[in-house]
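As structure tokens, the structure follows; a few thoughts come after it.
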Amino acid sequence: MIVSIILKKLKQAVTDLLPIILVIAFFQIVVLKQPLPQMGEVLFGALLVVVGLTLFVQGLEMGLFPIGEAMAHALARKGSLFWLLCFAFALGFSTTVAEPALIAVAAEAAEIASAGGLIDSSQETLKQYAFGLRMSVAFSVGLAILIGVMRIIRGWPIHYLIIGGYVLVMLMTTIAPPEIIGIAYDAGGVTTSTITVPLVAALGVGLASTIRGRSPLLDGFGLIAFASLLPMIFVMGYGLIIFR
Amino acid sequence: MAISVEFIHNFSKILLSTCRDVLPIIALITGFQILVLRQPIPHLRRLVVGGVYVVIGLALFLAGLEKALFPLGKIMAAQLSDPAFIYGADAIVLQADWKAYGWVYLFAAMIGFATTIAEPSLIAVAYKANEVSAGTISQWGLRITVAVGVAFGISLGTFRIVTGTPLYLYILVGYMIVIVQTLFAPKSIIPLAYDSGGVTTSTVTVPLVAALGLGLSATVPGRNPALDGFGLIAFASLFPIITVMGYAQFMHWLSQRKK
């Protein structure tokens, strides 16, 4: 019984990974016409990936989804808007501020800005610039989750907010320094980590299913969309303020 | 046994950084439970076990990727964008010819598709969407639609790097399409479509795609990695929104026609 469940989950994970294996094998053998290097290492790595993905999905069902929903239910029952918004902001800010991908991008952005002559190249300035960038991204993700939660509670239609955000991004693109635009666009993508996404999704769906008159499908999703839109606006804003 | 020692060292480093990812979440939830909600968490044991599974699973997943797939993918990205492979060994290239990069576009599309299918955050969101929609949104349907969007986006992104056209033009046109689609797409798909833009780019896609972008902009004549290497991730998070809404519109249109 348990064995068959485990086998089924493992099979699922293998299916998830099959495309990558096929693509790499195809290009290696047909296009580049080279044998796969270090076959043993690759197979061992693939095995780890399969086991890891299986465990991760199992953990989602057992841990991350239920805790996200439990927090949403508990906070909605408490009925205090202040604490709910506090939780939303803190969740966004705290999971983003230490995100390794963001630290890497911020450091790289500082290098580019100094190479472009926008800031002087002393270590102190570079660090300060990267730190400011990181803080503005983390703050924007916190604010994004807060706005998203507010939207679920009030039932605002999502498309006005998102389209408004896009228009703002477009307008800012025309006046922001070119060195920051690429980073700003990418910042939206790197902020949402693999552990934050399920938690935030469960929080949104949990809230939407607790509050009367909200549909989980219409109102529960959208938090991640805010979390990838607002950083773009804030990073460009940061660029505009710093470089003026 | 040098390899295994190195591997264990590597794995513990990844495990540690995954734990650091979870730390703020644990602190926040415990803090709220004790200070604000003042209630015990139901099924605590099960939640803790689930959390441990997530951390260990993710660490194994990343360690395996770093061991097997990332090095291979990065080498391949470098080989495919190498001028010696594209123009032949002896050619002297001063101006990039966008027609010569066919294999690069194909590789970009296929690796974009394949990594998106394996992306754990997309698996999570598809799982939730399927549950919430009572089965009308199929997990595989959503994941494949998103993956097609990423494939198209990254392929177009590499084309942009080769031709050197400005990034913002593509993004602005993409936003226009999203805005127009939003007006006509079925209301129930819109939030999910917007979300699918954000979830596509995390643990699996970003490292491979970033390597492709930086490698390509370093080898294409006249490109600057600092300016042109960025932006692929933006493509990967924009186009899934378009394909998810497009797919919903198509299904809606089909069901209308049947009536």
Inset, instruction - Return the single residue from B:Gly31, B:Gly231, B:Gly73 with maximal mean-square fluctuation; model: Gaussian network over chain B, springs between Cα atoms under 10 Å. - result: B:Gly31
Legend entry - Viscosity 1.002 mPa s, 20 °C: Kirkwood-radius Stokes-Einstein D of the range B:1-145 over Cα pairs, µm²/s: 109
Inset, instruction - Have a look at A:Ala138, A:Ala109, A:Gly148 and report the one farthest towards the positive end of the charge dipole of the range A:101-170, computed about the Cα centre with Cβ charges (Lys/Arg +1, Asp/Glu -1). - result: A:Gly148
Inset, instruction - Quick one: check the C-alpha center-to-center distance for the range B:7-64 versus the range B:191-213, whole angstrom. - result: 23
Legend entry - Cα-based radius of gyration of the range A:48-122 once divided by 2.2 N^0.38 Å, which approximates compact folds: 1.73
Legend entry - Solution diffusion estimate, µm²/s, Stokes-Einstein, the range A:122-244, Kirkwood Rh from C-alpha pairs, 4 °C, viscosity 1.567 mPa s: 85
Inset, instruction - Treating each Cα of chain B as an identical point scatterer and ignoring solvent, apply the Debye formula and state log10 I(q)/I(0) at q = 0.08, 0.09, 0.14 Å⁻¹. - result: -0.42, -0.53, -1.07
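Below 8 Å between Cα atoms, with a sequence gap of 6+, how large is the relative contact order for chain B in percent? Please list the in-between numbers first.
On the way: 287 pairs, mean separation 58.6, N = 259.
Computed value for chain B: 23 percent relative contact order.
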Legend entry - Surface/4 of the Cα convex hull for the range B:194-259, nm²: 6.0
Legend entry - Kirkwood Rh in Å, taken over all unlike Cα pairs in the protein assembly as shown: 23.2
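Compute the orientation-averaged projected area for the range B:60-198 from the convex hull of its Cα atoms and round it to one decimal in nm².
Averaged projected hull area, Cα only: 10.5 nm².
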Inset, instruction - Please label the shape of the range A:1-113 as rounded, prolate or oblate, based on the square roots a ≥ b ≥ c of the eigenvalues of the alpha-carbon gyration tensor (a/c under 1.5 means rounded; beyond that, a/b larger than b/c means prolate, else oblate). - result: oblate
Legend entry - Top of B:Tyr170, B:Tyr101, B:Tyr53 by mean-square fluctuation, Gaussian network on chain B, Cα under 10 Å: B:Tyr53
Legend entry - Karplus (6.51, -1.76, 1.60) ³J(HN,Hα), θ = phi - 60°, over the range B:198-213, in Hz, Gly and Pro reported as x: x, 8, 5, 10, 9, 4, 8, 6, 4, x, 5, 5, 4, 4, 5, x
Legend entry - In order through the range B:72-85: 3J(HN,Hα) via Karplus (6.51 cos²θ - 1.76 cosθ + 1.60), integer Hz, x for Gly, Pro: 4, x, 5, 4, 5, 4, 5, 5, 5, 8, 5, x, 5, 6
Inset, instruction - Identify all lysines with a Cα-Cα distance to A:Lys33 below 21 Å; exclude those on the same chain that are fewer than 8 residues away in sequence. - result: B:Lys74
Inset, instruction - Could you state how much accessible area A:Lys127 has, in square angstrom rounded to the nearest 10, with a 1.4 Å probe and all protein chains kept in place? - result: 140
Inset, instruction - Add +1 for every Lys or Arg and -1 for every Asp or Glu among the other residues with Cβ under 15 Å from the Cβ of B:Val125, and state the total. - result: -4
Legend entry - ³J(HN,Hα) computed for each position of the range B:9-25 - Karplus, 6.51 cos²θ - 1.76 cosθ + 1.60, integer Hz, glycine/proline x: 4, 4, 5, 5, 5, 5, 4, 5, 6, 5, 4, 5, 5, 7, 3, x, 5
Legend entry - Label-point separation in nm, A:Ser215 to B:Leu23, each point 7 Å along Cα→Cβ: 4.3
Inset, instruction - Compute the signed sum of charges (Lys and Arg +1, Asp and Glu -1) over the other residues within less than 13 Å, Cβ to Cβ, of B:Leu80. - result: +1
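If you add up the charges near B:Val150, with Lys and Arg at +1 and Asp and Glu at -1, over every other residue whose beta carbon is less than 13 angstrom from its beta carbon, what do you get?
Cβ neighbours under 13 Å give a net charge of 0.
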Inset, instruction - Specify the residue with the greatest mean-square fluctuation among A:Val167, A:Val137, A:Val200, computed from a Gaussian network of chain A linking alpha-carbon atoms under 10 Å apart. - result: A:Val167
Inset, instruction - Can you send over the carbon and sulfur percentage of the accessible area for the protein assembly as shown, probe radius 1.4 Å, protein chains only? - result: 70
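For the range B:152-198, build the convex hull from the C-alpha positions and give me its volume per residue in Å³.
Spread over its residues, the Cα hull of the range B:152-198 gives 77 Å³ apiece.
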Legend entry - Exceeding the 31 Å Cα-Cα cut-off - candidates A:Lys11/B:Lys67; B:Lys67/B:Lys187; A:Lys9/B:Lys67; A:Lys9/B:Lys259: B:Lys67/B:Lys187; A:Lys9/B:Lys259
Inset, instruction - Please give the per residue volume of the convex hull enclosing the alpha carbon atoms of chain A, rounded to a whole number of Å³. - result: 184
Inset, instruction - With a 1.4 Å probe on protein heavy atoms only, work out how much accessible surface B and A bury together, total over both chains, in Å² to the nearest 100. - result: 8300
Legend entry - All Cα pairs of the range A:51-178, percent lying beyond 17 Å: 72
Inset, instruction - Please give the length that would be gained between A:Leu81 and A:Val167 if that part of the chain were fully extended, namely 0.36 nm times their separation in residues minus their C-alpha to C-alpha distance (nm, one decimal). - result: 28.0 nm
Legend entry - Length-normalised contact order for the range B:83-214 - Cα pairs under 8 Å, 6+ apart - percent: 35
Inset, instruction - Over all directions, average the projected area of the Cα convex hull of the range B:150-259 and note it in nm². - result: 7.4
Legend entry - Kirkwood Rh (inverse of mean 1/r, distinct Cα pairs), the range A:1-61, angstrom: 12.9
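The values are calculated or read from the model by the stated rules, or taken from the named source; none is laboratory data. These figures come from a predicted structure and were not determined experimentally. No Cβ is skipped: glycine too gets one built from the backbone with ideal geometry, and neighbour counts run over all protein chains shown. Heads up: the accessible areas ignore ligands, DNA and RNA and are worked out on the full protein's heavy atoms, side chains in. Shrake-Rupley method; radii C 1.70, N 1.55, O 1.52, S 1.80 Å.
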